[in-house]
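This report refers to the structure that appears directly beneath it.
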Amino acid sequence: MEKRDFSILVSKFLPQVKKNVNLANFTTFKIGGESKFFLKVKTKKELIKALLVAKRLKLPFFILGGGSNILVSDEGFSGLVIKFGEPLSFYVNKGLDWAVGIPGTLQGAVYGNAGAFGFSMADFVKEVEVFDIQKEKIKIFKNKDCQFDYRESIFKKKKNLILLSVKLKTKKSNPQKRREYLEYRKKNHPSLPSAGCIFKNIKISSLNKSLFEKFPVFSQFKNEKFIPCAFLISECNLKGKRIGKVEISKKHPNFIVNLGGGKAKDVLKLINLIKKRVKEKFQIQLEEEIEYLGF
């Protein structure tokens, strides 16, 4: 099938689809190329229809939420990007006080088990409604079925499971706490465009105990659950390191910020530099928290 004919076919089944849309405009990083096809959907029914069309046409697809935890290639994405999800901010005053100021969607937060200030989505999810694109069936997953772990869920591992909706355990909101959390973010997080934290913090339980003997500087975290990646990056003297128009934040070095006109290729160079330096200095392999699209 010719490319032109294929585009006509996609437009036939998905009349609202747009072509060659700049994804930088839909990510908090403000970086990335164009998506061949782009579709905004508002309902679960519209999402399922788009997924089935992509499956029938063997068209690669990606579900984009708030675009807050993703790096898009400078070359863009040759498939279908489907923008879907309920803003996480809608749920902040329903018990998710810790999520104040976090961009993104509820579905995306569940997907990556987002968290802050000692909380995570795993603490609040009652059940989720999922579309299994392989079996073309809607399923209900209870909290335990989601296999939550630090910044992980079954949905990250099994890409055939697409999050449709989420039921939360209701908890009383605390306006004072929300103000404190928001103030903390304003004070400690950069305001320039970013994808949020690039790397997962290091689980203390995953480290060889000999590292605490080899690196006495780790002793300050012995009663904690994690060693912050920002600390490791800072210890490698990488704060403020710049390549092109992107920079390792001086304010919070687990953020890479776009200074204006930044390129994904330069973000990747900084990511690889950080991983290399931390590995050399501390014998720790960092793991990205962000997702990649189009690479």
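Selection within segment 201-232: residues that are crowded, with 16+ Cβ neighbours inside 10 Å, among the aliphatic types (A, V, I, L, M) and out of contact with any strand residue (DSSP E or B) (no Cβ under 7 Å at 6 or more places or on another chain). The member of this set that is nearest to SER120 (Cα to Cα) is ALA230. If the condition is being more than 18 Å from THR28 (Cβ to Cβ) and of a type in the set (Lys, Arg), then segment 231-260 contributes LYS239, LYS241, ARG242, LYS250. Would you be able to say whether some residue in segment 38-48 is over 22 Å from LYS156 (Cβ atoms), outside the structural domain of VAL257 (by TED's automatic domain parsing), more than 20 Å from the chain's Cα centre (by Cα) and part of a loop (DSSP other than H, G, I, E, B)? There is at least one residue in segment 38-48 that is over 22 Å from LYS156 (Cβ atoms), outside the structural domain of VAL257 (by TED's automatic domain parsing), more than 20 Å from the chain's Cα centre (by Cα) and part of a loop (DSSP other than H, G, I, E, B). Scanning segment 124-162 for residues that are among the acidic types (Asp, Glu), touching a Lys or Arg at 6+ places or on another chain (Cβ under 8 Å) and closer than 19 Å to LEU96 by Cα gives a single hit, GLU127. Scanning segment 139-189 for residues that are touching a strand residue (DSSP E or B) at 6+ places or on another chain (Cβ under 6 Å) and of a type in the set (Gly, Ala, Ser) gives a single hit, SER165.
Of all the residues that make up segment 69-84, how many are surrounded by fewer than 22 Cβ atoms within 10 Å (Cβ to Cβ) and either among the hydrophobic types (A, V, I, L, M, F, W, C) or in a loop (DSSP other than H, G, I, E, B) (or both)? Of the residues in that region, 4 qualify. Here PRO103 fulfils each of the conditions (1) on the phi > 0 side of the Ramachandran plot; (2) in the same structural domain as PHE155 (by TED's automatic domain parsing); (3) touching a residue at least 40 places away in the same chain (Cβ under 8 Å) apart from (1). For segment 64-75, indicate whether the set of residues that are polar (S, T, N, Q), in contact with a Ser or Thr (Cβ under 9 Å, 6 or more places away or on another chain) and at negative phi is non-empty. Looking through segment 64-75, at least one residue is polar (S, T, N, Q), in contact with a Ser or Thr (Cβ under 9 Å, 6 or more places away or on another chain) and at negative phi.
Among the residues that make up segment 117-124, is at least one of them more than 11 Å from the chain's Cα centre (by Cα), surrounded by fewer than 21 Cβ atoms within 10 Å (Cβ to Cβ) and in a helix (DSSP H, G or I)? Scanning segment 117-124, I find at least one residue that is more than 11 Å from the chain's Cα centre (by Cα), surrounded by fewer than 21 Cβ atoms within 10 Å (Cβ to Cβ) and in a helix (DSSP H, G or I), so the answer is yes. Residues of segment 4-27 that are in contact with a Ser or Thr (Cβ under 7 Å, 6 or more places away or on another chain) and exposed (fewer than 14 other Cβ atoms within 10 Å of the Cβ): LYS19 alone. The sole residue among VAL128, VAL92 that is hydrophobic (A, V, I, L, M, F, W, C), over 15 Å from the mean Cα position of the chain (by Cα) and crowded, with 21+ Cβ neighbours inside 10 Å is VAL128.
The values are calculated or read from the model by the stated rules, or taken from the named source; none is laboratory data. Every value quoted in this text rests on a predicted model; they were computed, and no experiment measured them. Glycine gets a Cβ as well: all are built from the backbone with ideal geometry, and neighbour counts include every protein chain shown.
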